[in-house]
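A quick write-up on the structure given underneath.
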Amino acid sequence: MNEERHALVVDDHPTNRLLASALLKRMGWIVSDAENGNLALEQAGQKTFRLILLDISMPGLSGEETCAKLRATPSGGALKIIAYTAHAFQEDRDRLLAAGFDDILVKPISVQALEALTKDL
Amino acid sequence: MKLPAFLGGIRGKLIAIFVLIKVVPLVLLAWYAWHATSQLGEEVSVKAGSMADSMLSTIKSVGKTVTDDSIRALDLRSREAIEAMTTDTAKEIANFLYDRDNDIRQASDLEPSEAAFRLFMNERRRTIYRHATWKLAEDGKSWVPEKELAREAKVTRPVLPDNAKDFHARPPEYLGEAEQRPLFVEMTYLDLNGNEKIKVTSGGLTDKGLKNISDRNNTFTRAESYFADLKKLKPGQIYVSDVIGAYVPTQAIGPYLPATLEKAGKPFKPEESAYAGTENPVGKRFRGIVRWAMPVLKGGQTVGYVTLALDHDHIRQFSDRLMPTEERYTPIADAIKGNYAFIWDYKSRSISHPRDYMIVGYDPQTGRPATPWMDEDLYAEWQASGKPSDEFLAGIPPFRDQNLKRKPAKALVKAGTIGLDCRYLNFSPQCDGWNAVTEHGGSGSFVIFFSGLWKLTTAAAIPYHTGQYGNTPQGFGFVTIGANVDEFHKAATATAAQINTLLEEKDASFKNQRSELLDQVAQSLTSTALGLWGSTILMVVIVIAIAVWMAGLLTRRITGMISGIHAFQEGDLKRRLDAHSSDEMGELACSFNRMADSVEESFKRLEEAREKAEEASRQKSAFLATMSHELRTPLNGILGFAELLKYELDNPAQQEYAAVIQQSGEHLLNLVNEILDLAKIEAGEMPFKRVPTPLASLVAETAAGYQVTATAKGLGFELIMADGLPANLVTDPVRLRQILSNLLSNAVKFTEHGKIKLAVSPVGEEIAFAVTDTGAGIPPESREMVFEKFKQLENFLTREHGGTGLGLSLVKQLAEHMGGRITLDSEVGVGSTFTVYLPLDTTDE
C-alpha cells in the first residue's frame, strides 16, 4: 500500500463527520469530509478517493442520489461507497445495496466494524 | 328426469306453465267441440242416408205392391175378359151349330130334288175372312204381307173438350178379305141302302159322283161311317158327325223358312207343307167337314136321309180371327206369339188351330186317323206294340200322367204327323186342365208355363148337345184361348217399368242428394274444423306470444336484477336496481337497493378504517424508522467516541470510564434495537423472508462468536448438528441468526460454571434448535414469565448481566412469526434448555 489512501466522509452531522474522520485517520486514512452531497461531488471531482462514507439522510442531495452521481463519474466504478447511516432496518440495507452502495456501516459504528469494511483497501 | 335446457330458466318454466294452463284446456275444448261436431255430422249423414234409404225402399215396396196389385188386377180382369170371350165364342159356336140343326130340319122337309138342294145351298152362305197374299221376305227370314196394311182411326170432327179425356178411337176392325162362302160343301139325299140319290156340291172338296156311302171308301177321305148311325135315327132325330178331314202334315214346326228346312235336310216347299198362319201363310190348308143328317119322312115313315156337309172353315172362323189382346181380331194368326184360340171336339181332339198340321185328321188313303203327336214314352210304347196307332191308342187311358216334364216324340216331328189329340198329348198337361174345367159343361182358366211363355189358358165347353154331342155335358167340345200373360198386364208392367225408371231416377237423385248432403255435411264439418282449429291455433299462438311476452317481461326484470346483483357483487357498489314498479319485484329491487346502500356504506367505512389503519401503520413505521435513526445518531457519537477515548486515554481510570460509557451505550443500543424489533413485530412491519439458507454455516458462524465469549468466561461450548438435517433450510436467515444469538447470549450471560450446548436436530416436520446451559435454572412458576417483556428473574439483575429484559420475548415473537414456537425445559440448580422449533422447510416457494 504505497499509495495514499484518501477517504471522504459525507455527513450533515458534524459529530458523525468528526467520529468517522477520527477513526479513519487512526487507521491511516487521509480523510476529507463534506457536509452535503453537492460538496461531496465537488470534492470527488477534484480528488480521487478510494473510500467514501456517505450518509443517507441529508439535506439537499440524499445519500442515494449522491451515490448515483458518484458512480456516474469516471472513477465512480472503482470507488468503494459505504453507506454511513443510522437506518438500521433490514429493508433499509436491501434498499441501499440495490441503490449502488458497496456496503453499509450502520450507526453507531465501532472500530471493529469499520476495520472489517476497510481492511482490504 | 332431466328437464330440457329451455325449461331450466324461469322464462322457460313460465312459458311452459302458461302453455299448460292455457293451451292444453284450449286444445281439449277445441278437440271436444270438433269431436261433438263431427259426431253430429256423422249422425246426420248416417240418419239422412238411412232416411233416404228407407224412403226409397218404402217407395220401392209401394211401387212393387202397386205394380203387383195392378198386375194381379189386370190379370184378373184380363182373365175375366178372356174367359168371357171364351164362353161367348163357345156359345156362338153352339148357336151356329144349332142353326145348322135348323138347316137340316128344313132340308128334311124339302122335296128331294137337285134344284131344290142347289137352291137350298145357295141360300146358305156366310162371310169368311181370309188374309191377303203373303210372301217370303226378301231376306228369307220371315213371311211378310205383300201389301202392308195401314190402319188408322179416322176422326174428322174436333174432339169436344168434354170428351177429350181418354178419347180413344179405333179404326174399323179388319178381319181379312171377306168372302161369301156357302155353309155347306155337299148336300145329299140317300136311300135307305145308303145310295146317294141326289148330290149337290160346292167348292170341289168332295166327290161329285153318286156312291153308296155305306162303304167307307166312298166317303169323304174314306173316314166317314155315318150310315150305320143314320139307320138308328128315329124320325125327327138329327145326326151330327165328327170333324172329318185329311190330315195335313208339316215339314217343320214353327216358322217355315228356307234356313229351317235346310237345317232339317228337307226341300223348301211351303205350299206342300201345312198352312200355319204367319209361320207359313202359303201352306196347304186343312179342309174338313161336319155332316148333319136327318131322316126324310113320307107319311111318317123314313124313306131316305138328307145330309148336309158343313164346310169346317166356318167353324174355324170362330177361333181363327180371334185375338185375346187389344188387337182383338187378326186376319192372320201368329202362333208363335202364344195368343190364339183353339177349338177341341168332344174327344178333346184339335179341330181348329192356327197351325193346320196340329188339327187332327185322317189318312185319306186308308181312312184311318192320322197318328197324333205323342210324348217319347208313349211313342216308344206304341212302337213296341207294333199296332196301328189308332188301335194302340184305343187301349191307352186318356190324359195319362200328363206333365211338362215329358218330352215330345221327335220321330213324329220328323214324320210330320203332329196332330193334337189331347187325350194322348201327355207332355201338354193343359189338356187335362181344359178337361177338368169343361167336362161338366163349365169353363175356366189356369196359367201355365208352356213353350217358354207364361200363358193364361181358358177353356169353355161348347154347349151344343145335338146327336152324339148330347152324350156329355161338354157338348160339342170346348174352346180354349191361350194368351201371353205378359200381354194382359202390359200396362201394369209398363207402369212398373215406369215406376222402376222413376225409382231409379229417384234413387239416383236420392243418392245425389244424399251425397250432396254428405258433401255439405263434410264441407260444413271441414269449415267448422278449420274455423275451430284455426281459431284454436290462433288463440294458442296468441297465448304463447303472451306467455313469451309476459315471461320475457317478468324474467327481463329478474335477469336485469341478476345482472345488477352480479355487477354489485363484482365490485360495482354504485350499481342500483330499477325499483320503479310497486309490485313484489319492485319491492325486491328496493330491498336490494337498501341492502346495497348499507353494504356500500359499510365498505366505505371499512375502506376508511383500512386507510386509517394503513395511515397509522405508515406513521408507526415512519415513527419507528425515525426513532431508530434518531436514537442511533447520538449513540454513534457516544459509542464511537467512547471507544476512541478508550484507545486515546492513557489513564486506566479514565479508560475505565470510557469503557463504562461504551458499555452503557451498547446496552442502550441493544435496548433500542430490541424495542424497535418488538415494535416492528407488533406493528406488523417486520418483514420475514423465506430464502434457502445454508444451515450448517449459519449455525456455525453464529455459534463461533459465543464460543469465544464462553471460553473466555471459562465455560465449555458444544455444538451438535444431528444427522438428517437439510443442507439448506428455507427461512429468514437474519431472524434465525437473531434467535440463536439471543439464546446463546442469554446462556453465556446467565451461566457461571459448566458448559453451553447448541443442538440442532430434525423433529418430525420441525427443526429444533436447543440451547442448553448449566445455569441456575428457572422455577416452574416463572417459566411463562421469562417470555414477557422486561421480566427477568429476581435473582438476576439486568444491569449485572447486561440483559435488556426483551431478548426472550423477542425470540418468542420471532419464532412464532416464522411459523414456529419456543419451549422451556428447566430445573433449578441444574440448568435450562430453550428449544426453538421452526418448520422444516426445504423447498423455496
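The values are calculated or read from the model by the stated rules, or taken from the named source; none is laboratory data. What you see is a predicted model, and the numbers here were worked out from it, not measured in a lab. A quick note on method: Cβ atoms are made from the backbone with ideal geometry, for glycine too, and the neighbour counts reach across all protein chains shown. Side chains included, ligands, DNA and RNA excluded: accessible areas come from the protein's heavy atoms. Shrake-Rupley method; radii C 1.70, N 1.55, O 1.52, S 1.80 Å.
Near B:A132, the amide H atoms lying under 5 Å from its own belong to B:E177; only residues 5 or more places off or on other chains count, and H is placed 1.01 Å from N. The lysines within cross-link reach of B:K490, meaning a Cα-to-Cα straight distance under 26 Å and a gap of 8 or more places when in the same chain, are B:K60, B:K64, B:K154, B:K165, B:K337, B:K455, B:K506.
Taking label positions 7 Å along the Cα-Cβ direction at both B:A529 and B:R594, the computed distance is 6.1 nm, reported to one decimal. Computed from the Cα positions only, the extents of region B:59-104 along the three principal axes stand at 65, 6, 5 Å, in decreasing order. At an R0 of 60 angstrom, the distance between the Cβ atoms of B:R151 and B:E42 translates into a FRET efficiency of 0.45. Using the 1.4 Å probe convention, the accessible area of region A:1-87 works out to 44 Å² per residue with neighbouring protein chains retained.
Treating region B:355-498 as a set of equal point scatterers at the Cα positions, no solvent, please give the Debye-formula log₁₀ I(q)/I(0) at q = 0.11, 0.12, 0.17, 0.21 Å⁻¹. Rounded to two decimals, the profile gives -0.50, -0.59, -1.06, -1.36. Both radii are taken from the alpha-carbon atoms of region B:669-826; with Rh as the Kirkwood radius, Rg/Rh is 0.94. Once the partner protein chains are put back, region A:95-121 shows a loss of at least 30 square angstrom of accessible area, versus the chain by itself, at A:K107, A:P108, A:V111 (probe 1.4 Å, ligands and nucleic acids excluded). Chain A against chain B buries an accessible area of about 1900 Å², both chains summed, 1.4 Å probe radius. All Cα-Cα separations within region B:201-334 were binned at 5 Å from zero, giving a P(r) of 2, 9, 14, 15, 14, 13, 11, 9, 6, 4, 2, 1, 0, 0, each value a whole percent of the pairs.
Between B:R216 and B:E272, the modelled labels are 2.8 nm apart [label points 7 Å from Cα along Cα→Cβ]. Taking B:L588, B:L840 and ordering them by how much accessible surface each has at a 1.4 Å probe, largest first, produces B:L588, B:L840. Taken over the Cα atoms of region B:525-599, the convex hull encloses 78 Å³ per residue. Fully extending the segment from B:L502 to B:E173, taken as 0.36 nm per residue of separation minus the present Cα-Cα distance, adds 114.8 nm.
Centre-to-centre, using Cα atoms only, region B:709-782 and region B:461-533 are separated by 145 Å. In degrees between 0 and 90, to the nearest 10, how far off the longest principal axis of chain B does helix B:733-750 point, with axes built from Cα atoms? It works out to around 40 degrees.
B:R737 sits with roughly 90 Å² accessible to a 1.4 Å probe, with DNA, RNA and ligands left out of the calculation. Computed from the Cβ-Cβ distance with R0 of 56 Å, the FRET efficiency linking B:A545 to B:M55 stands at 0.60. Applying 1/(1 + (r/R0)^6) with R0 = 25 Å to the Cβ-Cβ distance of B:T559 and B:L20 gives a FRET efficiency near 0.65.
Overall form of chain B: prolate. Here a/c, set by the Cα gyration tensor axes a ≥ b ≥ c, is 1.5 or more, and a/b is the larger of a/b and b/c. Amide H contacts for B:T731 (H built 1.01 Å from N in the peptide plane; partners 5 or more residues away or on another chain; cut-off under 5 Å): B:V691, B:T693. Where both residues lie in the protein assembly as shown, what percent of DSSP beta bridges are antiparallel, nearest 5? The antiparallel proportion sits near 75 percent.
For region A:1-87, a Kirkwood radius taken over Cα pairs fed into Stokes-Einstein (25 °C, viscosity 0.890 mPa s) yields D = 195 µm²/s. Listed by chain and number, the lysines placed with their C-alpha closer than 30 angstrom to that of B:K604 are B:K574, B:K612, B:K620, B:K680; residues fewer than eight positions away on the same chain are left out. Any residues in region A:71-94 that have 50 Å² or more less accessible area with all protein chains than in their chain alone, probe 1.4 Å, and which are they? Hits at the 50 Å² cut-off: A:A86, A:F89, A:Q90.
By the gyration tensor of its Cα atoms, with a ≥ b ≥ c the square roots of the eigenvalues, what is the shape of region B:630-703: rounded for a/c under 1.5, prolate for a/b over b/c, or oblate? It comes out oblate by the Cα gyration axes. Fully extending the segment from B:R821 to B:E765 would add 18.9 nm, taking 0.36 nm per residue of separation and subtracting the current Cα-Cα distance. Unpaired Cys in chain B, meaning no second Cys C-beta under 4.7 Å: B:C590.
Based on C-alpha pairs under 8 angstrom that are at least 6 apart in sequence, chain B has a relative contact order of 10 percent.
Distance between the C-alpha centres of region B:205-255 and region B:816-845: 183 Å, rounded to the whole angstrom.
Excluding same-chain neighbours fewer than eight residues apart, the lysines reachable from B:K755 by a Cα-Cα span under 17 Å are B:K713. Working from Cα pairs under 8 Å separated by at least six residues, relative contact order for region A:1-87 is 30 percent. Give the residues of region B:470-496 whose amide nitrogen is closer than 16 Å to a point set 7 Å from the Cα of B:R126 in the direction of its Cβ. It comes to B:476-479, nothing else. Cα centroid separation, region B:303-381 to region B:150-175: 36 Å. Answer rounded, prolate or oblate for region B:284-440, using the Cα gyration tensor with square roots of eigenvalues a ≥ b ≥ c: rounded when a/c is under 1.5, else prolate when a/b is larger than b/c, else oblate. In terms of gyration-tensor shape, oblate. Residues of region A:9-25 whose accessible area (probe 1.4 Å, heavy atoms of protein chains only) drops by at least 10 Å² once all protein chains are present, relative to their chain alone: A:H13, A:T15, A:N16, A:L18, A:L19, A:A22, A:L23. Treating the angle as unsigned and between 0 and 90°, give the value, to the nearest 10°, between the Cα long axis of helix B:114-123 and the longest Cα principal axis of chain B. Rounded to the nearest ten degrees, it is 30. Here the protein assembly as shown has 55 percent of its accessible surface on carbon and sulfur atoms, given a 1.4 Å probe and all protein chains in place. Compute the helix-to-body angle for B:584-648: its Cα long axis versus the longest principal axis of chain B, expressed 0 to 90° and rounded to tens. Between helix and principal axis, roughly 20 degrees.
In summary, the protein assembly as shown shows an alpha-carbon radius of gyration equal to 2.86 times the 2.2 N^0.38 Å reference for compact globular proteins.
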